[in-house]
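Worksheet for the structure shown next.
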């Protein structure tokens, strides 16, 4: 028998008790569960960053995995708690857009609002810790037995995140920095598919008023200066080999990034 796999994604960090508490709840209900930490280093309350990370990572996990995603600035408000069943996975989290980007790539079979208190840790959950009292116990009960249809009423739509769109102007792409990873690399909203093969071969990359030159194939190719690469998720990324692009270039979320097919920006 395959042991059920529960994948955790939060902005809780590892300094406090929050992550350990989620795991304790899960294992108390479903001792045979396997638990994997996708990340607990999401910037606090940064729902968009969590949604992007989930989108780029979920598909490598075994079919049947249960994702528990808790970046929840609206905890305790009237926002719904959701469980989404797709043809491959279950996704559990608040209805604030955190699940929406991954679900764009999945065939949705059904969505339930999590309201059945039988599957809560407490009949009256904390107004500040739904990860402990609602999301993790729901995942654990679901890992033990298929109780999806008992969770609560069906939901027809969910909240979606509206990410900044890449602008295409002739042989030019215009985007922006979305977030920074642990290394200080700037992840942008520009994807390899946004430009042609020819554009990527000839393009010069810019961030704000800084010229980065041609796209590099690897971090180690060329001098240890601010550069641009296509990362493992095929997103345009600004980096400094053996350094930190965010601090060394004083980059910020929302900074303009351009991909231009000639030496000039205009």
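What to note about this one:
- When the residues of segment 100-118 are filtered to those that are farther than 21 Å from residue 53 by Cα and surrounded by 15 or more Cβ atoms within 10 Å (Cβ to Cβ), the one that is farthest from the chain's Cα centre (by Cα) is 116.
- Residue within segment 78-89 that is in contact (Cβ under 8 Å) with a residue 40 or more places away in the chain, over 18 Å from residue 130 (Cβ atoms) and more than 13 Å from the chain's Cα centre (by Cα) present: yes
- For segment 17-25, the criterion of being loosely packed, with under 15 Cβ neighbours inside 10 Å, in the same structural domain as residue 102 (by TED's automatic domain parsing) and more than 23 Å from the chain's Cα centre (by Cα) is met by at least one residue.
- Considering (1) surrounded by 16 or more Cβ atoms within 10 Å (Cβ to Cβ); (2) under 21 Å from residue 106 (Cβ atoms); (3) touching a residue at least 40 places away in the same chain (Cβ under 8 Å), the lone condition that residue 12 does not fulfil carries the number (2).
- Any hit, segment 205-226, residues being under 20 Å from the mean Cα position of the chain (by Cα), within 30 Å of residue 45 (Cα to Cα) and assigned to a strand (DSSP E or B): no
- In segment 254-261 there is at least one residue matching the filter, namely being surrounded by fewer than 20 Cβ atoms within 10 Å (Cβ to Cβ) and not in a loop (DSSP other than H, G, I, E, B).
So that you can scan it fast, the table gives a plain yes or no per residue for (1) under 17 Å from residue 50 (Cβ atoms); (2) modelled with pLDDT of 95 or more; (3) more than 19 Å from the chain's Cα centre (by Cα); (4) not assigned by TED's automatic domain parsing to the domain that holds residue 226:
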position: 128; (1), (2), (3), (4): no, yes, yes, yes
position: 132; (1), (2), (3), (4): no, yes, yes, yes
position: 137; (1), (2), (3), (4): no, yes, yes, yes
position: 140; (1), (2), (3), (4): no, yes, yes, yes
position: 162; (1), (2), (3), (4): yes, no, no, yes
position: 174; (1), (2), (3), (4): no, yes, yes, no
position: 186; (1), (2), (3), (4): no, yes, no, no
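- Out of 231, 204, one residue alone is surrounded by fewer than 21 Cβ atoms within 10 Å (Cβ to Cβ), under 24 Å from residue 101 (Cα atoms) and in contact with a strand residue (DSSP E or B) (Cβ under 9 Å, 6 or more places away or on another chain). It is 231.
The values are calculated or read from the model by the stated rules, or taken from the named source; none is laboratory data. Predicted model, so just to flag it, every value in this text is computed and none were measured. Every residue, glycine among them, receives a Cβ derived from its backbone with ideal geometry; neighbour counts consider all protein chains shown.
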